[in-house]
1. Work out the FRET efficiency for residue 201 and residue 249 from their Cβ-Cβ distance, taking R0 = 45 Å, and round it to the nearest 0.05.
2. Out of the range 219-270, which chymotrypsin sites (Phe, Trp or Tyr not before Pro) are coil in DSSP terms and have no more than 15 other C-beta atoms within 10 Å?
3. Amide H of residue 119 versus every other amide H placed in the peptide plane: which residues, excluding those fewer than 5 positions away on the same chain, fall under 5 Å?
4. Can you pull out the trypsin sites (Lys or Arg not before Pro) in the range 224-323 whose DSSP state is coil and whose Cβ has at most 11 other Cβ atoms within 10 Å?
5. How far is it, in nm, from the label point at residue 341 to the one at residue 242 when both lie 7 Å from their Cα along the line to the Cβ?
6. If exposed means no more than 15 neighbouring beta carbons inside 10 Å and the site is in a DSSP loop, what's the longest run of the chain without any exposed GluC sites (Glu not before Pro)?
7. Full extension from residue 38 to residue 228: what is 0.36 nm times the residue separation minus their Cα-Cα distance, to one decimal in nm?
8. Counting every Cα pair in the range 88-159, what percent are over 18 Å apart?
Amino acid sequence: GGGCGDDDDASADAGSDPDGGASPDGSLADAAPPDPTAAVYDPAHVVEVSLELAESDWDELRTQANDPYTLLGGDCMDGPKQTAFTWFHAAITVDGETYADVGVRKKGFLGSASTVKPSLKVSFDEYVPGQQHLTLEKLTLNNNIQDESQLRTCLAYEVFAQAGVPAARCNFAHVTVNGTDLGVYTNVEPIGKKMLRRQFTDDSGNLYEGQESDLQADSIATYELKTNTTKADRTDLGAVVAAIDVPDDELEDSLGAVFDLDAFFTFWATEALVAHWDGFTNNRNNHFLYHDPTSGKFQLIPWGADYSFHPDDLFFPEDRPASVSANEIIASRLYAIPAMRDRYLVTLNGLLDHVWDEEAWTAEIDRMETLLTPIADPLD
């Protein structure tokens, strides 16, 4: 999954209670104001999306393609991946609310590319400053081309969330373009300021998107800074690289000073639990890094989980246990240290005991199937 371009408006309003938050006795209410975006990501709701744009624009949009050599060859490690996708004017109706002028573009990397059912990014404020849908500036609609079940992305993010990992909200959308039914899409919450406000006390830190990225000196340039882009101070990434470049007996303390290790172990074990082969610890791909100003430490946010829950790892199929991925530098270094390997196993077993309820997850799959069956399309 993924692509370039802001996933949210970094200067978006932090949100406030228009009613002042007063309780009946006149004191300030303790409860947070209702989140207007909750309806957009309600797991029980299928969002109805209808797009209208010039047929010539649609043909151009859906046939735009990335050059694999540009993305993966040559000097691809010298900076973030840049896609070939451009914005087009469109009208959109979302659950009955119509916006006459929004931006829409294709999204994706390589595996999710399609000229028939492209993944889409919608920007409500691309051409109309301040325009929002229930306070959202963006929609991210994934085509599930690599997921015939349509369910893997939302199921994976739900497991991450129950494990305590900051994860995008996710449900489903039924999409039509110029009257053509494109079937089921996954509606994934963009990773940006609004998501950070839900997950962290302070949303002012550096947020990076990683695609084919690792925290080593020769690859940190591939991380795309998504917030604080005017200042563009990336020295915090360099501090992580330096913290990793120490002997084994110093690594826990050194890395723990700049990276939330408890959160990392949970993220790491959950990637293995949901078989997110195309994620950070296995394929050095599909992830966000957030430098939380409150703790002063980095945390990982999962992304691009449409290839989860596959029994086989297509990227590193050598004979290895499916219970752990350790191809990126942090996981690789930690797993080589016996005490850290034990800590990983304790974390994984804790997830199996407290998060991985097979009966409950099977029931969740059944719920999703029931929800989608009436709108499933031959394209899916």
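The values are calculated or read from the model by the stated rules, or taken from the named source; none is laboratory data. Source: prediction; values computed, not measured. Glycine also receives a Cβ, built like all others from the backbone with ideal geometry; neighbour counts cover every protein chain displayed. Remember, those area values only see protein heavy atoms, side chains included, never the ligands or the DNA or RNA. Shrake-Rupley method; radii C 1.70, N 1.55, O 1.52, S 1.80 Å.
1. Numbers: r = 33 Å, r/R0 = 0.74.
After rounding, the FRET efficiency stands at 0.85.
2. Filter output for the range 219-270: empty list.
3. Excluding prolines and chain starts, which carry no amide H, the hits are 107, 114, 143.
4. 231
5. Reported label-point gap for residue 341 and residue 242 is 3.1 nm.
6. 149-317
7. Stretched fully, the residue 38-residue 228 segment lengthens by 65.8 nm.
8. Values: 1207 of 2556 pairs.
Of all Cα-Cα distances in the range 88-159, 47 percent exceed 18 Å.
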